[in-house]
Every structure is written in C-alpha cells, then in structure tokens.
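Reading through the structure tokens given below for one structure.
The values are calculated or read from the model by the stated rules, or taken from the named source; none is laboratory data. Since the structure is predicted, the reported quantities are computational estimates derived from the model, not experimental observations. Please note: Cβ atoms are built from the backbone with ideal geometry, for glycine as well, and neighbour counts cover all protein chains shown.
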C-alpha cells in the first residue's frame, strides 16, 4: 500500500514537471501541443550526450555523489540539456508554430503532431532504439518501514532526490510566476490576452518565455525519467497521454493543478500495476482522463470558459 | 514480358494499399474536412475494423476468441458497426467539450486499443496478431496476379461507392448543416440545428469508413498485428488529407495515392542508398521525411492540391 503510493509519487513527479509546461503552452499559446512529450525524450538524451562528453574529458567526474547513482557531471549535464531543450522549443516555435498561428489552433495541433513524429524519429535515428542508462551502478533501496507496517516501504536515494528536486522546481516556478514581472505578464496573457496587450505586455516575449520554460521543465522531467527508469526514444510519446490527463485534471493553465494532476495520474498508474498488471499501465491515464471529462471537464482548478 | 508482369503485380499490390488508405482518408475528410472534428486516433478505429472482420471470418484457433469462419462480407459490415460503436462511445464523452479534448481523447483511445491488441491475447492474439484471414475470391483465382487485380477492382469499387455516397451526403442539406456548424456553431444552433447530434453522426460515419478501410487492408494482407496500427498510420492518413486538400472528397483520394507513392518511393530510395547495417535507423528517416512534408505543406500550401470549393461568396 505505502509502496504503491511512494512509486506513484515518483512517477507523478516526472509527469508533473512535464505537465506544467504543457499546461502553460495550452493556456498561453492556446493549443494542445502533441510534440511536448518529445521535449522530455530529447532532454533526457541531450543530458546523456553531455554526460558522456564530460566523463570522457575527466574520468573522476563520473564518481557518484554520496548515496546517489549519479555524479556531479550529470547535474551539470542536466542544466545544459534543460537550456538546450528550451532553445529547441523556441526554435520549433519560430520555424513552425509562429507561421501557423494565424490559421487557428487546430492547424497548430496538426503541425505539432507532425513535428512530434519527426522529432521522435530523428532521436531514434541518432541514438538507436536500445534503452540506455546514465549509470551502470545499481542502487540498493533503503527500507524506511518494515514489511509489517502497511506492506513496508523501500525507496532509493535517487527517488528521494527526484521527488525533492521536483518540489523545489515547482516552488521556484510558482515564485517566478507570482513575483517576477515576466511571470506576471505570463499569467496575465493566460487569463486575457487582449487585455494583457492593452496593458502594454509584449505577447511575443511572453510566448518565447512560455516555450523556453516548457522545454526546460520537460528536459528535467526527461532526465528524471532516465535516472529512475531508463532512456528510450519512445519515452516522449509514451508520456504524452499521462501529461494530457494531468493537465486536463488540474485545469488548463493552473501550475499547481498540473502538479496535483501529475501526482494523481502517477498514483493511478502505480495502483493499476498492482490491480490489473503492468501491461495495462498506460491505460490508467486514459481512465483518469475519461473520468475527469465526464464529471469535471474544466478540471479541478480550471475556470469556466 | 516477365518484367511487365512483375511491374503489374507490384503496381496492383501498391494500388490496393493506397485504395484502402483512400477509403480511410475519406472517413477522416468527413470528420475533419466537413465537420472540423480533429481525430488523432485514426489508427485505433482502423484497428477495430480490421480486427473485427479478422476475428469473425478466420477459422477457429485454440485459445483465442472468434474464429467463426463467417463470410467476408459479414465481417466487413461488422467492421463498420464496431468502429462506429467505438466512435459513439468516444463522441459521447468528448464531442460536447472544447475542440482539443476530442484530439486528446481520440489519442487516448488509440493508445488503449493498441494496448488491448498487444496484451489481450485471448481476444486479439497478442503481439503475433491474427493469421489466416481469408482472402475473398482466392478459391477461384488462386494466389497470383489475377487475384491481386480482382481484389484491386473490389477495393476500387468500395472506394467508388464510398465516394459517391459521401458526395451525395455532403451536398445534401445534412452536409450543409455540417459545414455551417464547422464555420459558426452559434449561428447554426440559433437556426435550430443541434450541433452535437450532427457532429456525432459525422464522427460515427467517418469512423465506420475507417473500420471498413481497415477490413479491406486486413483481408488483402491476410494477417493483422498490433504494429500495423501505430500512430504513424494516423499520421499518414492526415498527411494524405492535408496534401490532397481537406474538405474535398476528390482531394482526399488524390492525396492518398500521392502520399502513399511518396512514402513508398522514399522508402525504396533509403533502402538503396543506406547500407544494410543501418536499415533500421533509415526507416526512422522515412518518418522524418513525411513529418517534414506535412509541416511544409501546412506552411506553404494549407489548402492542399485541391482544396475545398468555396460554396458561398466571400
């Protein structure tokens, strides 16, 4: 029981980070970006490439930090991958989405579907289909509670790290949106784009910030997926349905909604593994999505249209 | 002479696939081109049709459901019914909500259908799929070129029938209401047209055509497996519709043949140019090419080869 919750919170961390960016895009750029999952995949692999480059330069950099499976080099690689993925999201907007914005949101959705396919297969072409890992070190899970208490609880240090860093990132984003000028312009544009423009907010600047932050967080999510599970070129498209479910569940445009939605979808996935078996895990997100569309289509924290 | 037979046989083989895709593209054109419904789960509805017909018409297999050996025609009708029913369920949930939600829900149903195809071994045969799907008319014509050509004629007549039926439908008052709802839902509603009901009808009929196209494909190949219905299929159909021009049934058909030709040509060029060891990776490039084609088409020529005829003055 406790173990299911703990596992759900770890998957949920990754979904949450991906869902925030998707939710912001849906609220500010105003379309469902089917390419968002690919930012996770590319982020994860860009970090792998950066990490391999670092450790080739100096083998000492591969030494794990304390109880974790990864080294300082991976953390540096994470930063680089996040910035590169943010830049990639920006580049995709400039070359494709920006030109189509006038044609309406559905054209953007089709274009994003095409971009997703191209990006995913480029990744497959570049890195091959075999799953990869950041580190070959095996981690022993620490028993936090014995089996007698609610089935026991074991977590790895890596999982604790992922969970903690997720909460820190979300808090940082929250502070940014609440207090910085750019963050406040983003919220204003999300609520009422025309009024925001009248108030002197540059919409293009807000859009650029949205893409960059979305890419940044997606890359972090991708790296976390690589640390706790593995890297696969298809991880982006596999995450897409959970991401959408989390966004709809939390209400489009709500950061905390996306986080809560991510954790709920993560818990549903991890519960489904023990109820119906691991092979139907991906359908758990669909199940959550159907429920929310049937009973509360605006999401838990969404505003009415 | 043997060369000619080889070409003819490859050509008719190629055309049967393109024709099955054209039937599916017509279904998508009704949904997207005329009604503005964004279906990202085309592959799912095609799979439902293909599997339904396969399960009903195949001989019995131990450890799997179905296998009743029914006539192929019954299988094809059943394929349309089950795909239509799947669309009814999805539509009931998503058609009342904002546009994007239909896209997300159809994406979800395609993922779920893919999971079921892969894992519900007792129903679908699991990763190995369904084999020994009967090929109609093969008892008379054997397995060679005559059969391929006969099947091509059969597929083409189904395509022609679908085309004529759809042309009648979209030119009828019913079709005008669809376009009215697509352009301005509030205006159509204020004239007493129930947008939800019309959308649902269009969505279900379109999905039925997708199921039929799937069945036509399944009975030509003789087996179906989950990997035949990956998201790439959805995307190919979308590429066909966008390249051909959505909102125009002839455009959808032309697009199907053009894009399938482009796809096959890109595939064979990559096979020739790229060394044997790298073939698996090269297959990924084929998808990148078609992804880029659709993006370029959207930017450069959003109305496609032959777009919708404007039926009112601007």
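The table that follows gives values for the structure above.
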item	result
Matching option when the condition is under 16 Å from residue B:234 (Cβ atoms) and more than 8 Å from chain A (Cβ to nearest Cβ), among B:90, B:130, B:111	B:90
Residue ID - surrounded by the fewest Cβ atoms within 10 Å (Cβ to Cβ), chosen from residues in segment B:268-298 that are away from every other protein chain (no Cβ under 14 Å) and within 24 Å of residue B:242 (Cα to Cα)	B:268
Residues of segment B:207-237 that turn out to be within 27 Å of residue B:179 (Cβ to Cβ) and either out of contact with any helix residue (DSSP H, G or I) (no Cβ under 6 Å at 6 or more places or on another chain) or within 12 Å of chain A (Cβ to nearest Cβ) (or both), as a count	4
Set B:45, B:14: member being surrounded by fewer than 24 Cβ atoms within 10 Å (Cβ to Cβ) and in contact (Cβ under 8 Å) with a residue 60 or more places away in the chain	B:14
Given (1) touching a residue at least 60 places away in the same chain (Cβ under 8 Å); (2) farther than 21 Å from residue A:213 by Cβ, index of the condition residue A:125 fails	(1)
Residue check, residue A:108 in a helix (DSSP H, G or I), in contact with a strand residue (DSSP E or B) (Cβ under 9 Å, 6 or more places away or on another chain) and either closer than 30 Å to residue B:43 by Cα or in contact (Cβ under 8 Å) with a residue 24 or more places away in the chain (or both)	no
Selection count where residues are surrounded by fewer than 23 Cβ atoms within 10 Å (Cβ to Cβ) and assigned to a helix (DSSP H, G or I), scope segment B:222-234	5
Residue A:84 more than 10 Å from every other protein chain (Cβ to nearest Cβ), buried (at least 24 other Cβ atoms within 10 Å of the Cβ) and assigned to a helix (DSSP H, G or I)	no
Lone unmet requirement of (1) crowded, with 24+ Cβ neighbours inside 10 Å; (2) at pLDDT below 95; (3) not in a loop (DSSP other than H, G, I, E, B) for residue B:37	(3)
Helices (runs of 4 or more DSSP H) lying entirely in segment B:44-134 (those with 2 or more residues that are at pLDDT 90 or above, more than 19 Å from the chain's Cα centre (by Cα) and under 18 Å from residue B:227 (Cβ atoms))	B:99-119
Number of positions in segment A:11-39 that are under 23 Å from residue A:282 (Cα atoms) and either part of a helix (DSSP H, G or I) or away from chain B (no Cβ under 13 Å) (or both)	18
Failed condition for residue A:42, given (1) away from chain B (no Cβ under 12 Å); (2) surrounded by fewer than 24 Cβ atoms within 10 Å (Cβ to Cβ)	(2)
Residue list for segment A:95-115, filter: more than 8 Å from chain B (Cβ to nearest Cβ) and closer than 16 Å to residue B:292 by Cβ	A:95, A:97, A:112
Residue A:266 vs. criteria surrounded by 24 or more Cβ atoms within 10 Å (Cβ to Cβ), more than 9 Å from chain B (Cβ to nearest Cβ) and either more than 16 Å from the chain's Cα centre (by Cα) or in contact (Cβ under 8 Å) with a residue 60 or more places away in the chain (or both)	yes
Meets criteria (out of contact with any helix residue (DSSP H, G or I) (no Cβ under 8 Å at 6 or more places or on another chain) and either in contact (Cβ under 8 Å) with a residue 12 or more places away in the chain or within 25 Å of residue A:109 (Cα to Cα) (or both)) for residue A:2	yes
Breaking point among (1) assigned to a helix (DSSP H, G or I); (2) out of contact with any helix residue (DSSP H, G or I) (no Cβ under 8 Å at 6 or more places or on another chain), for residue B:240	(2)
Options A:275, A:213, A:227: the member that is out of contact with any helix residue (DSSP H, G or I) (no Cβ under 6 Å at 6 or more places or on another chain), more than 10 Å from chain B (Cβ to nearest Cβ) and surrounded by 21 or more Cβ atoms within 10 Å (Cβ to Cβ)	A:213
Failed item, numbered, when residue A:102 is tested on (1) in a helix (DSSP H, G or I); (2) modelled with pLDDT of 90 or more	(2)
Search result, residues across segment B:246-267 that are assigned to a loop (DSSP other than H, G, I, E, B) and away from chain A (no Cβ under 14 Å)	B:248
